[in-house]
1. When R103, R146, R74 are ordered from fewest to most other Cβ atoms inside 10 Å of their Cβ, what list results?
2. Work through the residues other than E110 whose Cβ is under 15 Å from its Cβ and net out their charges, Lys, Arg +1 and Asp, Glu -1.
3. What is the fewest-to-most order of V380, V42 by other Cβ atoms lying within 10 Å of their Cβ?
4. Show which lysines lie in cross-link reach of K221 when reach means a straight Cα distance below 26 angstrom and same-chain residues fewer than eight apart are skipped.
5. What dipole magnitude, in Debye to the nearest 20, does region 80-376 give about its Cα centre under +1 on Lys/Arg Cβ and -1 on Asp/Glu Cβ?
6. Using Cβ counts within 10 Å as a stand-in for footprinting exposure, how do H397, H6 rank, fewest first?
7. Evaluate the distance, in nm, between pseudo-label points positioned 7 Å from the Cα of D196 and of Q411 along their respective Cα→Cβ axes.
8. Which residues among region 90-116 fall inside the zone where the amide N is under 20 Å from a point 7 Å beyond the Cα of S343, along Cα→Cβ?
Amino acid sequence: MVSSFHGLELGKRGLSVGQASISTTGQNIANVNTKGYSRQQVNSSASPSLDVWTSQGANTGQLGTGVNLDSITRVRDRFLDQQSRDHSETLGQWQAKQTTLDRLETIVNEPSESGLNNAMDGLKNAWQDLANEPDSLSAQAVVKERAQGFIEVAQSMNKSMDNLNSELVQQSQQTVEEANAYLKQIADLNKSIVRDGNQSNDLKDKRDALVEELSTLMSIKLDEKSNGSYSISLSSNNQSLVNGEEVSEIDYKTGAGENEIYGGKLAGLSESMAIAKNYQTDLNNVVADFASANSMSAAGGKDQALFIGNAAEFKLSELKVNYAADPLKQPAVTEKTSEAAQSDFRKLVSQLGAQSQAAVNSVSNHGAALQATENRRQSVTGVSLDEEMANLIKYQHSYNAAARLVSMTDQMLDTIINRMAAR
């Protein structure tokens, strides 16, 4: 026989689940604008039934006992999460390269009236004026001043590229430190989540936010264990980074291109260093060829070349104008003419422009892909106020119905206990 208080138990369980559902909906509404928050939902199931006697005999009927509150979980899509991490890694890599190429375009500063090409044209024109008046002291002085202007522009560009390389090294080191800090925080959150029994939704949201930040810096693979902790490794070589509470920090590598193994922003910075060094080498070659075409000697002095510099081991920072040369003479025609050096510089500028535009397009494309993935992910894990308000009304009716069941059962018990006893 079923207990007379069975209805109270049914109502109590309904009230409990209804209250938890309403509270969870309120939590979702309160965090609708919280970055990294994942929508939560109440998971319930029918509680085990009771066997009852029926007219057909024993064990032929079952009576429901209500509802059980199983868990309160986050709504996530692992596939979309992985897609988002992949797009973030690629976008971070291209953003680092685009920033470097933008800096190089600013340094090269072409086309411009104050650029290197204009300085080379100025020296070429000064030579033509001197050819028309070989004995003119003012024409010789103009040649030397135009040569000095060319050196100043070239050395300024070279120094800016040196500074850019130093900044890229510092930025890479800082990015490695930032990545290691994320790894430590993820391991600490793993520990807390395992300790709390794998039901810490807020801690999991914080951990996922850190993983997303980490995926911008490097390419990672993620595996969630049965106890709720994350295992993270490098995509390139499966090197373990986080395994539960254990952390394996990454090291900054000073060799050219060695940080590319990490992927993400670190790989972009590593590639940026190689790009900057290549353009600096090309710039030095252009300046060396132009100086040689306009006569360069390591000795200097009277009746010597316009420029003082070592052609065999050329260093742009040591290039000087030979002010002692008197009189100046037109440079001899060689295979490396001024026009050839200028042509090489124009090729450098064109190549830089093409690379920069390609980087801009790549950042735009990968940014759009990431945004599209994020929109799909938000449709799953994000909070929709319309949906939550509809749920709130549904759970309110459910709670009211359970409360009505309790009230009705109370009235029945009052009739049985008080009124029947009075008779």
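Where a number appears in this text, it was derived from the coordinates with a stated rule and is not lab data. In this text, all values refer to a predicted model and were calculated from it rather than measured experimentally. Quick reminder, even Gly has a Cβ in these numbers, built from the backbone with ideal geometry, and neighbours come from all protein chains shown.
1. R74, R103, R146
2. Neighbour charge sum, excluding E110 itself: -3.
3. Details: V380 14, V42 20.
Fewest-to-most Cβ neighbours within 10 Å comes out as V380, V42.
4. K35, K97, K184, K191, K204, K206, K253, K265
5. Charge dipole of region 80-376: 180 debye, to the nearest 20.
6. Ordered from fewest to most neighbouring Cβ atoms within 10 Å, H397, H6 come out as H397, H6.
7. Output for this residue pair reads 4.4 nm.
8. Answer for region 90-116: 116.
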